[in-house]
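Report on one structure; see the data block that follows.
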Amino acid sequence: MVFFDCDYNNGCHPAVLKRLGETNGEYTSTYGFDRFSDSAREKIRAAANDPDAGVFFLAGGTQANSTVIDSMLEPWQGVVSADTGHINVHEAGAVEYTGHKVFSLPSGEGENAGKIIPKALEDFLAGWHSDETCDHMAEPALVYISFPTELGTIYKAAELKEIHDICHRFGARLFVDGARLAYGLASKESDVDLPFLASHCDAFYIGGTKCGALCGEAVVFPKGRVPAHFFTRVKQHGALLAKGRLIGVQFDALFTDGLYTEIGKHADGLAAKIPVLFEKYGVGKVFAPSPTNQQFILVRRDAMEALKKDVCFEKWAPAEGGYDLCRFVTSWATADCDMESLENILKAL
């Protein structure tokens, strides 16, 4: 069996595990007030070219999203997301649970699949602000995007700048979910780097769980613009680890000698082979072009059951013409031999 169902179904990158073992016996303070977390913060600030950035280590992605969004909004405000956005689909209503409405906008198609379209965002925000009854409605005061998106696509630098400018024109702020940030930044099609991201949003997080860590995310507030009492809010949301060093050590390793970028490039490079193999052997075709580690393939329905015997992947939805939409994902743990096995399986089908 070869596994392409997820990018967090293995443990952690060997370099991260090694560092955890090397430091296991050392005494440190708790809740992230330790030398490893401090070192990781400084490395992240350097990588983002933002010496004043506020950096906080949270337990996981859903906690990061709900905590950041809740902390950046007033009780009467809500957040705008693409209809495919993680907070709108796969987080069990975590944002709504904090009392904030999620406004969903239709995402694009093709290379824009999963993205918020800037013109649609502008029209939506303009419509709210021009509505004489807006005081009776939740206010869209924050915009949420993922980099990469839930469908593996990425925003170009010009798109990010346009969305950022639109947000600020209407008094909203921009938050970027970077659960798979390593794969977005490392993409051959990306013209966005960490300093650009840090200068074109109001908050973002650097994913660890899906990018080589056992667990944990690094939330970054550029230029030190941290919401009031954010540390307390993290604890209130259950996102604070008592043994904060666990995340600090991991991010310290991920941001040493370019490991975070290396993980992204490795996974993206192998993922790019997946649609080529499906089309080569006539078993499937590309749903939407993805330059990152998630590949969405329309798989022939008559081949699905046979494929499932040897390959672990996710079926997302039925499609027209005798196909099912399926997702195949690579990570740091995916190896060349996995790609060879996939090719042999597809060839046999």
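The sole residue among PHE296, PHE231 that is assigned to a helix (DSSP H, G or I), at pLDDT 95 or above and of a type in the set (Phe, Trp, Tyr) is PHE231. Residues that are free of Cβ contacts under 8 Å to residues at least 60 places away in the same chain and either hydroxyl-bearing (Ser, Thr, Tyr) or assigned to a loop (DSSP other than H, G, I, E, B) (or both) within the stretch 10-47 comprise ASN24, GLY25, GLU26, TYR27, SER29, listed in sequence order. Does VAL226 satisfy the condition of being of a type in the set (A, V, I, L, M), under 20 Å from ALA333 (Cβ atoms) and modelled with pLDDT of 95 or more? So VAL226 fails the test. Residues in the stretch 80-93 that are among the hydrophobic types (A, V, I, L, M, F, W, C) and within 10 Å of SER104 (Cβ to Cβ): VAL80, ALA82, ILE87, VAL89.
Given the criteria surrounded by fewer than 19 Cβ atoms within 10 Å (Cβ to Cβ) and basic (Lys, Arg), does ARG35 qualify?
Values: surrounded by fewer than 19 Cβ atoms within 10 Å (Cβ to Cβ): yes; basic (Lys, Arg): yes.
Yes: the conditions hold for ARG35.
So, LEU125, is that one of a type outside the set (Lys, Arg), assigned to a helix (DSSP H, G or I), at pLDDT 95 or above and farther than 30 Å from GLN295 by Cβ or not? Yes: the conditions hold for LEU125. Which count do you get for residues in the stretch 106-127 that are under 23 Å from MET137 (Cβ atoms), aliphatic (A, V, I, L, M) and surrounded by 19 or more Cβ atoms within 10 Å (Cβ to Cβ)? Count: 3. The numbered conditions (1) assigned to a loop (DSSP other than H, G, I, E, B); (2) modelled with pLDDT under 95; (3) not aliphatic (A, V, I, L, M) are all true for ASP50 except (2). Of the residues making up the stretch 43-69, those that are in contact with a Pro (Cβ under 9 Å, 6 or more places away or on another chain), of a type outside the set (Lys, Arg) and over 18 Å from PHE147 (Cβ atoms) are ASP52, GLY54. Residue pairs whose Cβ atoms lie under 9 Å apart, separated by 6 or more positions or on different chains, with the first residue in the stretch 237-251 and not assigned by TED's automatic domain parsing to the domain that holds VAL55 and the second crowded, with 23+ Cβ neighbours inside 10 Å and part of a loop (DSSP other than H, G, I, E, B), do not occur. Considering only residues that are closer than 15 Å to PHE147 by Cα and in a helix (DSSP H, G or I), look in the stretch 72-117 and name the one that is nearest to the chain's Cα centre (by Cα). Checked the stretch 72-117; the qualifying residue nearest to the chain's Cα centre (by Cα) is HIS86.
Which of the residues spanning the stretch 244-259 are hydrophobic (A, V, I, L, M, F, W, C) and not in a loop (DSSP other than H, G, I, E, B)?
Scanning the stretch 244-259 gives LEU246, ILE247, VAL249, PHE251, ALA253, LEU254, LEU259.
Contact map, the stretch 148-162: residues that are touching a residue at least 24 places away in the same chain (Cβ under 8 Å) and farther than 14 Å from SER290 by Cβ paired with residues that are small (Gly, Ala, Ser) and assigned to a loop (DSSP other than H, G, I, E, B), Cβ distance under 9 Å, separation 6+ or inter-chain. Pairs shown: LYS156/SER190; ALA157/SER190. Listed conditions (1) closer than 21 Å to THR232 by Cβ; (2) more than 22 Å from the chain's Cα centre (by Cα) are all met by MET1, apart from (1). ASP268 passes every criterion in (1) surrounded by 20 or more Cβ atoms within 10 Å (Cβ to Cβ); (2) closer than 30 Å to VAL2 by Cα; (3) over 21 Å from the mean Cα position of the chain (by Cα) apart from (3).
Filtering the stretch 310-349 down to residues that are surrounded by 19 or more Cβ atoms within 10 Å (Cβ to Cβ) and assigned to a strand (DSSP E or B), which residue is farthest from the chain's Cα centre (by Cα)? In this case the residue turns out to be TYR323. So, in the stretch 54-100, of the ones that are closer than 25 Å to PHE296 by Cβ and among the acidic types (Asp, Glu), which residue ends up surrounded by the most Cβ atoms within 10 Å (Cβ to Cβ)? Checking each candidate, the answer is GLU91. Out of all the residues in the stretch 275-282, is one or more among the aliphatic types (A, V, I, L, M) and not in a helix (DSSP H, G or I)? The answer is no; no qualifying residue exists.
The rows are residues; the columns are (1) surrounded by 21 or more Cβ atoms within 10 Å (Cβ to Cβ); (2) outside any loop (DSSP other than H, G, I, E, B); (3) without any contact (Cβ under 8 Å) to a residue 40 or more places away in the chain; (4) more than 15 Å from the chain's Cα centre (by Cα).
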residue	(1), (2), (3), (4)
GLY184	yes, yes, no, no
LYS188	no, no, no, yes
ASP191	no, no, yes, yes
TYR205	yes, yes, no, no
CYS211	yes, no, no, no
VAL220	yes, yes, no, no
LYS223	no, yes, no, yes
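The values are calculated or read from the model by the stated rules, or taken from the named source; none is laboratory data. Since the structure is predicted, the reported quantities are computational estimates derived from the model, not experimental observations. Cβ: placed from backbone, ideal geometry, glycine included. Neighbour counts: every protein chain shown.
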